[in-house]
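A.B. asks: Shown below is the structure under consideration.
The values are calculated or read from the model by the stated rules, or taken from the named source; none is laboratory data. Please read these numbers as outputs of a predicted model, since none were measured by experiment. Note that we place each Cβ from the backbone using ideal geometry, even for glycine, and neighbour counts take in every protein chain shown. Each accessible area value is taken on the protein alone, full model and side chains, heavy atoms only, with ligands, DNA and RNA left out. Shrake-Rupley method; radii C 1.70, N 1.55, O 1.52, S 1.80 Å.
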Amino acid sequence: MSKICLSSISKSFAGKVILHNVSLCFPEKGFFAICGKSGCGKSTLLNIIAGIEKPESGTIQIASKFKTNPGYIFQYYNLLEYETTLLNVMLPLLIQGKNHKEAETEASAILQKIRISKDLFFLKTNKLSGGEKQRVAIARAIMSNSSILLADEPTGALDSKNSEIIMTLLREISTESLVIIVSHNNELIDRFVDKKYILNDGYLVEDYIQENVSIKSLENKSSSKWTNYIFRSNIIKRKKRSIFNTICLCFSLTFSLLSLGFTIGKNNSILHSSVRQIDLGNVITSGTTNQKIEGSNISITHLYRPDISSLLDMTKDIDITYGNNYDALLSNSFLVSDNKKIKDFNLTPIYDFASVDSSLIKDGVFPNDNNFRNVVINEVFSRIFSVDVNDILRLKINYLNIIDSSNDYFGYIDDELKIDIDIKISAICDDFSFLSTPTIYYSYLGFEYELEHIIMENYSKFEGYEISWFDYIDTAYKNDQITSYSYRAFIDNPSYIILENLVSLSDDDLIFESNSYSRISSLISLTDAFTYGFNIFALISFIGAMLILGIMAFSSYTEDRRDRAILYVLGGKQNDISKIYLKENVLIVCISIVLSIMLFILLSLLINYIVSIQMNLKNIIALNPLVFIFLALISIAITFIFVLIPRRSERKISAAEVLKEE
């Protein structure tokens, strides 16, 4: 009964006919040779029988009862150079699904039979001599346990003694299986083979009579467990490059995460930290008029205290309290501490300390009464002037007010406000420190109480009744300097959004100003400028990371074309072979992602700590954990793409062509 039948096989290369309508059949067992001069098409015909090269026309078929993957002895060994001798021989059995122990036992036995010493078992095949490589290649083909064994010049690299051993072994195998060899050693062929076929310029000179048989296509059955051995070997083989790729990918991903984390986290951080301002609800509102200078394009803006009824109507939807602005009275204030005069600081009113969030306290307690003599300072003040809670400072306030009475008798009326008191530091606040200056926070109601009980003596004489400084300021004309040309506004339950809405009410006739809002918006503007650069950097880093991924996956897959062709010829499935490289690159990607996440967490903690200390901004870099999952998925997807692209293109190239190129 015929086992393999070839019908009208034709093949050409670069326009030259290599095989021309070759038809022949082989029985289920026996030793057969294909002979002819160099270039006559012997190896091409053998590759077509093996299924690793396709004919341009004609068919090759195998009887259904003999469906198996042929064993193949290559002319140029085609061993996996970076694998051990033993693993090379074990591979056919592992691919077929045998366990490691059984495969090792059988491989060791056949290696000893063909005179390969045990010292060479665990040596990589790139260290073997040509003759040793040839014998290992023969042992590997025999280990396929196939009912068909194909050999291309099996004795070409062997001396006469080893050639005899190999031909004798092939002869023994042919008693149970079909053995087909290609050789130019006619002396050996004539001694050992049952029949030889001669090719001459692509034509078959001697043919074999074909028998009628049930024909089926060749089918390949294999296991996928063997891929783990090649996978581990590839990792070791490319160890240095894998480490380098992992480091590069790790840093690229880390910088991408940091940039993305800053972009996402900075606004939330600023808005969250911005509410940590003791004077958050403190607003100044002024009316404005513009006076154009004649003969010039320049205009002068004049400020005045606006009409309170208009303000109340405009801000009726906001829970807000208006009061006099006493900044003009405090403009020449100074402190005395340890006989030193301190002038470079701000005095900022707080309407009621009881309404301030107590979590803003770093040390001490907020004053529980609206006493002007109990104050709160910020960290900047404490650090610069080396003062602490319960320290006593001497505050001196001097303001000279001059009024034109338009009366010849009184003329100009001057009153001087003098306040010289000890103030006690009740607490140090831990507030938003961006652009912060040394500041003393005092009770607005407490200071107003002081003004209500200090009489303007000269002006009272002029009017004929007692007038306090509070009364005078409260009724002063809108253009009077003592009004500071504005009102103070105190928002209940303030937030950045409320401040933003209030400031947005400003127009050509009215201005709402907030130091807190200015600090926040300045920081947002500053970080927005950084964000633009960070976004570009993040994009470049991410593209760089993806390029590293692509190059890494593509190069590792394409550089092993020869090894993959060998594995395919040995019976490995294309999907299983591709999985080796997918697993290799996915492992590197996963390690890189894990390392980049760890590095990102470490660096973000460090950066957040430094920024928190310097600017009191919490979590300026922050990412949703879902970003890490997305990053992992997209990285693995790109790895798949760059491994599958060369695989799809290789479907057009036969294993034989790859092996010839290599």
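A.B. asks: Quick check on the chain: helices-only [θ] at 222 nm, where DSSP H runs of length 4 and up contribute -39,500 (n - 2.57) each and the sum goes over total residues. Nearest 500, please.
C.D. replies: -14500 deg cm²/dmol, from helical runs alone.
A.B. asks: Can you list the GluC sites (Glu not before Pro) in region 166-197 that are in a DSSP coil and have 14 or fewer other beta carbons within 10 angstrom?
C.D. replies: Sparse-neighbourhood loop GluC sites (Glu not before Pro): 176.
A.B. asks: Using a simple spin-label model with points 7 Å from Cα along the Cα→Cβ vector, what separation in nm is obtained for residue 293 and residue 101?
C.D. replies: 10.1
A.B. asks: Tally up the carbon and sulfur contribution to the accessible surface of region 496-553 as a whole percent, 1.4 Å probe, everything protein left in place.
C.D. replies: Numbers: 2020 of 3020 Å².
C and S fraction of accessible area: 67 percent.
A.B. asks: Also, quick follow-up: Could you state the accessible area per residue of the chain in Å², with a 1.4 Å probe and every protein chain left in place?
C.D. replies: Computed with neighbouring chains in place, this is 48 Å² per residue.
A.B. asks: Another question, if that's okay. Which residues in region 586-606 have a backbone N closer than 18 Å to a point placed 7 Å from the Cα of residue 633 along the Cα-to-Cβ line?
C.D. replies: Backbone N within reach: 590, 593-594.
A.B. asks: For the chain, taking Cα atoms only, what is the radius of gyration to one decimal and the Dmax to the nearest whole Å?
C.D. replies: Reported Rg and Dmax, both Å: 46.1, 149.
A.B. asks: Can you give the relative contact order of the chain as a percent, counting alpha carbon pairs under 8 Å and 6+ residues apart? Numbers along the way, then the final one.
C.D. replies: Values: 1192 pairs, mean separation 118.1, N = 662.
With pairs under 8 Å counted, the relative contact order is 18 percent.
A.B. asks: Could you tell me which residue out of 257, 335, 167 lies farthest along the dipole of the chain toward its positive end? Charges go on the beta carbon: Lys and Arg +1, Asp and Glu -1, centred on the Cα centre.
C.D. replies: 167
A.B. asks: Which value, in Å³ per residue, describes the convex hull spanned by the Cα atoms of region 529-614?
C.D. replies: 91
A.B. asks: Can you order the peptides 378-384, 180-186 by their average number of other Cβ atoms within 10 Å per residue, highest first?
C.D. replies: Numbers: 378-384: 18.9, 180-186: 20.6.
The densest-packed peptide leads the list: 180-186, 378-384.
A.B. asks: Only four residue types carry charge here, +1 at the Cβ of Lys and Arg and -1 at the Cβ of Asp and Glu. Report the dipole size of region 329-401 about the Cα centre in Debye, rounded to the nearest 20.
C.D. replies: Taking the Cα centre of region 329-401 as origin, the dipole is about 420 debye.
A.B. asks: Quick one: P(r) of region 452-517 from all Cα-Cα pairs, 10 Å bins, percents rounded to integers, in order of increasing distance.
C.D. replies: P(r) over region 452-517, rounded to whole percents: 17, 34, 24, 18, 6.
A.B. asks: For residue 129 paired with residue 10, estimate the spin-label separation in nm (one decimal), with each label point 7 Å from Cα along the Cα-to-Cβ line.
C.D. replies: Going by the 7 Å Cα→Cβ label model, 4.7 nm.
A.B. asks: Please flag any cysteine in the chain that has no other cysteine's Cβ under 4.7 angstrom from its own Cβ.
C.D. replies: 35, 40, 248, 250, 429, 590
A.B. asks: Could you check how much of the accessible area of region 231-379 is carbon and sulfur, as a whole percent, using a 1.4 Å probe?
C.D. replies: The C+S portion of the solvent-accessible surface of region 231-379 is 52 percent.
A.B. asks: In debye to the nearest 20, how big a dipole does the chain give about its Cα centre with +1 on each Lys and Arg Cβ and -1 on each Asp and Glu Cβ?
C.D. replies: Around 6820 debye, computed over the chain.
A.B. asks: Can you spot the lysines whose alpha carbon is less than 20 Å from residue 340's alpha carbon? Ignore those fewer than 8 places along the same chain.
C.D. replies: Output for residue 340: 396, 418, 424.
A.B. asks: Right, next: Any chance you could run the full-extension gain for residue 405 through residue 475? It's 0.36 nm times the residue separation minus the Cα-Cα distance, nm to one decimal.
C.D. replies: Value of the extension gain: 23.6 nm.
A.B. asks: Could you tell me which residue out of 321, 483, 498 lies farthest along the dipole of the chain toward its positive end? Charges go on the beta carbon: Lys and Arg +1, Asp and Glu -1, centred on the Cα centre.
C.D. replies: Checking the options against the dipole of the chain, the answer is 498.
A.B. asks: For region 580-621, give the percent of accessible area contributed by carbon and sulfur heavy atoms, probe 1.4 Å, rounded to a whole number.
C.D. replies: 81
A.B. asks: Moving on. Can you give the alpha-carbon Rg of region 1-158 over 2.2 N^0.38 Å, where N counts its residues?
C.D. replies: 1.12
A.B. asks: When Rg is the radius of gyration of the Cα atoms in region 393-474 and Rh is its Kirkwood radius, what does Rg/Rh come to?
C.D. replies: So for region 393-474, dividing Rg by the Kirkwood Rh gives 1.12.
A.B. asks: Mind checking the dipole of region 487-532: about its Cα centre, +1 per Lys or Arg Cβ, -1 per Asp or Glu Cβ, Debye to the nearest 20? Can you show the working numbers first?
C.D. replies: Details: 2 positive and 7 negative charges, 54 e Å.
Charge dipole of region 487-532: 260 debye, to the nearest 20.
A.B. asks: Sorted by average packing, counted as other Cβ atoms within 10 angstrom per residue and highest first, what order do 344-356, 617-629 take?
C.D. replies: Descending mean neighbour count gives 344-356, 617-629.
A.B. asks: How far apart, in nm, are the 7 Å Cα→Cβ label points at residue 590 and residue 645?
C.D. replies: 2.4
A.B. asks: Now for a different question. Hey, if you put +1 on the Cβ of every Lys and Arg and -1 on every Asp and Glu Cβ in the chain, which of 26, 510, 550 ends up farthest toward the positive end of that dipole?
C.D. replies: In the chain, that residue is 26.
A.B. asks: Separate question: In terms of the ratio Rg/(2.2 N^0.38 Å) built on C-alpha atoms, what value belongs to region 493-652?
C.D. replies: Its radius of gyration relative to the 2.2 N^0.38 Å reference: 1.66.
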